[in-house]
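Here is the structure we will look at, set down as structure tokens.
The values are calculated or read from the model by the stated rules, or taken from the named source; none is laboratory data. Bear in mind the structure is a predicted one, so any value in this text is a computation, not a measurement. Here the Cβ is made from the backbone with ideal geometry for all residues, glycine too, and neighbour counts use every protein chain on show.
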Amino acid sequence: MKISTSILKRSISSLIFFFTINVFGQVSQNHPNPSESRTVLLHKLKEVMKEEHIPGLMISIVKGDSIYAGGLGYADVKNKIPVSSRTLFLQNSVTKMFTAMGILQLVHQGKFKLTDELKKIAPEIEFQNKWEDTNPVKVVHLLEHTAGFDDVHLNNMYSNKSEKHKGLEAAMIFKNSYVSRWKPGQRMSYSNPDYAILGYLIEKFSGKSWSSFIKESVLSPIGMHDSNCELKVQDLTNYAIGYRFSNGDPIPFPFNSPAGTGSGSALKADAQDMAKFVRFFLNDWRTDSSRWLPLSYLEQMETVHSTLAAKNGLKLGYGFANEKFPNNSKVTFRGHFGGDNGFNSLVLYNREHKLGYAICNNGYKGMWRLSQLIEEYLTLDLPLPKVDQPISLGRSADAYLGYYQFLNTQRSKWNFLQKITNGFKVEKSADKLIVHWMFGRQDDTLYRMKNMLFKRKHDLDPYYVFGKDDEGTPFFQGERNEYYQKTAYFPVLMQQVFLGLTTLAVLLSILLAVITLIPASFKNSKPAVRGPVFFPILAFISGFLAYRTLSVTDETNKLLYNDFNISSGTIFFGSLGFAVYIFYAIFLLYRKWNSLRSWGIKGMLCFNLGVLGCFAFYLAVHGWIGICVWNL
């Protein structure tokens, strides 16, 4: 019988990999008893899974020459199917790392450059950028999420028609997001549509579908033969099921397909393949036979190029789908996170110390506790690094003192309130800066390390930077890629006061309604009072119903956002009803004004309805009244 060369090579490669897992998995160069310590680690992970209600967990750990690929818990809770090293998990946004690598492959082939303007290499992609003449959108901006585009809108997250969308049509599903909200390259804001365009560029310049190109040019060279990027999975036999929990019971998520080609979220991979992926990075992109791309491309992937923060010396940030995670006290890991549709995934590595891991759970749960346990295991033998001493602050920061407003919201339509509530004041105290957050976050103490780079006391490196934009306005960027601009506090304060008055008006309206509902009071109350009192309550109920439906739909089945149905209709009429009921109550108060005798009641109703009317108008301006989620 004749065996093809490719099949023979694949078989030999697989045997080598399995041998590596089984042999080197028993002996680690960095720890005297790897099997014993790994057993302890797995036990701790099981405890966290039980506490966090995580059904199953994919685990890939690489420590020097030691490789572990396996799983814990159940891939299918109902049928009690355990997670194995061959169980495929949806990796979500970890997919972006593979798309970025595909782009670098095409750059290496000379198809285009990272600095090429989008309008020149793909003029068929329609987008809006009022700074295009001076600050055009470039390929590098898409890779680093600095084009200023909005994140994917609710009705474009998932689709039951994705496999029918090809090429340009698939990319233009997100056309309503393709509007630059600031000068491209100024700041980062996570935008899935950026990677839809990158997926299209791969198809245009390779002549292949995105999934085929990634499989042939990225997955196969690494040896990830189990993995796939198919949108529509026909046979779910070897797949983990994503779950959400309701009253402690696991409820399966539908296996929805991402809208477009899936170039930002479609990868499905198992523990063995993800172990190969991590090892591939730790080996500087070398396969068993050759180097995949020159090392300079990997270094570019790990570097932030375009942001103002990077140009002012900050090394922390989002590179080409590759980001530093400054959470460990001994080393800095980097990689990517993904989460949606019942799965949360995380891939992190450190090339200097040859450490890395990939995990994915199918309970849609946070990864913090799990990742901390694994990193503790990986870095157990490493000493604490020497921490550089801060330098004198002097008067270098005087121009940067004051109030800073949050500006790089992920979705402008939904996150506008963050501009009001997520700000801080910077004050000088002796030889350090104090960041006083307005709401909900503990103050930070920052020490100057170099130029205008700062760090907290126990940070490994400077994770904060002050600088000035093209107009000379001071800005601040920190470890979460959040971009803040110095501004006058008074206008923000007025908006904060307005939100406070709105909260007070809601509470007073409820109190007035409760008092009026008391039987004795209701009998004695004039009909003229009842309308202005009760219609605001109907407004609150209507608004809450819209918000609750929005939240439940987001947690259970995002496909319902795509067209008009009971859920999307409830969101539309509920949000519209909030404004209608408020303004009708104002109309009733106007009509019945002379029938009201108590100036106390008149004053309270005027305050409540006046503030609530302004709030309804404020929401309408930002698109929160009559929300047509199917047409965003």
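For the reader, a short list of remarks on this structure follows.
- Scanning region 86-111 for residues that are under 25 Å from residue 271 (Cβ atoms) and of a type outside the set (S, T, N, Q) turns up 86, 88, 89, 90, 94, 96, 97, 98, 100, 101, 102.
- Residue list for region 226-244, restricted to those being crowded, with 16+ Cβ neighbours inside 10 Å and at pLDDT 90 or above: 226, 227, 228, 229, 239, 240, 241, 242, 243, 244
- Residue in region 417-435 that is touching a Ser or Thr at 6+ places or on another chain (Cβ under 8 Å), assigned to a loop (DSSP other than H, G, I, E, B), at pLDDT below 95 and under 30 Å from residue 609 (Cα atoms) present: no
- For region 370-399, filtered to residues that are surrounded by 16 or more Cβ atoms within 10 Å (Cβ to Cβ) and not in a helix (DSSP H, G or I), the residue that is nearest to the chain's Cα centre (by Cα) is 379.
- So residue 426, is it closer than 24 Å to residue 306 by Cβ, outside the structural domain of residue 180 (by the TED database) and touching a helix residue (DSSP H, G or I) at 6+ places or on another chain (Cβ under 7 Å): no
- Residue within region 427-441 that is under 29 Å from the mean Cα position of the chain (by Cα) and on the phi > 0 side of the Ramachandran plot present: yes
- Residues that are basic (Lys, Arg) and closer than 30 Å to residue 140 by Cβ within region 80-105 comprise just one, 96.
- Residue 542 being within 30 Å of residue 158 (Cβ to Cβ), within 40 Å of the chain's Cα centre (by Cα) and surrounded by 15 or more Cβ atoms within 10 Å (Cβ to Cβ): yes
- Hey, residue 433 touching a residue at least 24 places away in the same chain (Cβ under 8 Å), crowded, with 20+ Cβ neighbours inside 10 Å and touching a strand residue (DSSP E or B) at 6+ places or on another chain (Cβ under 8 Å) or not: yes
- Subset of region 537-585 [of a type in the set (Lys, Arg) and without any contact (Cβ under 8 Å) to a residue 24 or more places away in the chain]: 548
- All positions within region 245-256 that are buried (at least 17 other Cβ atoms within 10 Å of the Cβ) and within 23 Å of the chain's Cα centre (by Cα): 253, 256
- Residues that are under 19 Å from residue 538 (Cβ atoms) and of a type outside the set (A, V, I, L, M) within region 580-605 comprise 581, 583, 584, 587, 590, 591, 592, listed in sequence order.
- Residue in region 213-226 that is in a helix (DSSP H, G or I) and of a type in the set (Ser, Thr, Tyr) present: yes
- Every test in (1) exposed (fewer than 13 other Cβ atoms within 10 Å of the Cβ); (2) modelled with pLDDT of 95 or more is passed by residue 402 save one, and that test is (1).
- Criterion violated by residue 305 - all others in (1) touching a strand residue (DSSP E or B) at 6+ places or on another chain (Cβ under 7 Å); (2) in a loop (DSSP other than H, G, I, E, B); (3) not hydrophobic (A, V, I, L, M, F, W, C) satisfied: (1)
- Annotation note: Cβ proximity below 8 Å between a residue of region 380-405 that is farther than 30 Å from residue 491 by Cα and a residue that is outside any loop (DSSP other than H, G, I, E, B) and at pLDDT below 90 (sequence gap 6+ or interchain) occurs for 380/37.
- Of the helices (runs of 4 or more DSSP H) lying entirely inside region 89-204, those containing at least 3 residues that are closer than 30 Å to residue 239 by Cβ, of a type outside the set (Phe, Trp, Tyr) and in contact (Cβ under 8 Å) with a residue 60 or more places away in the chain are 95-108.
- Test: residue in region 179-202 that is farther than 21 Å from residue 415 by Cβ and out of contact with any helix residue (DSSP H, G or I) (no Cβ under 6 Å at 6 or more places or on another chain): yes
- Residue match in region 338-349 (condition: at pLDDT 95 or above and surrounded by fewer than 19 Cβ atoms within 10 Å (Cβ to Cβ)): no
- Tally, over region 35-66, of residues that are crowded, with 22+ Cβ neighbours inside 10 Å and more than 29 Å from the chain's Cα centre (by Cα): 1
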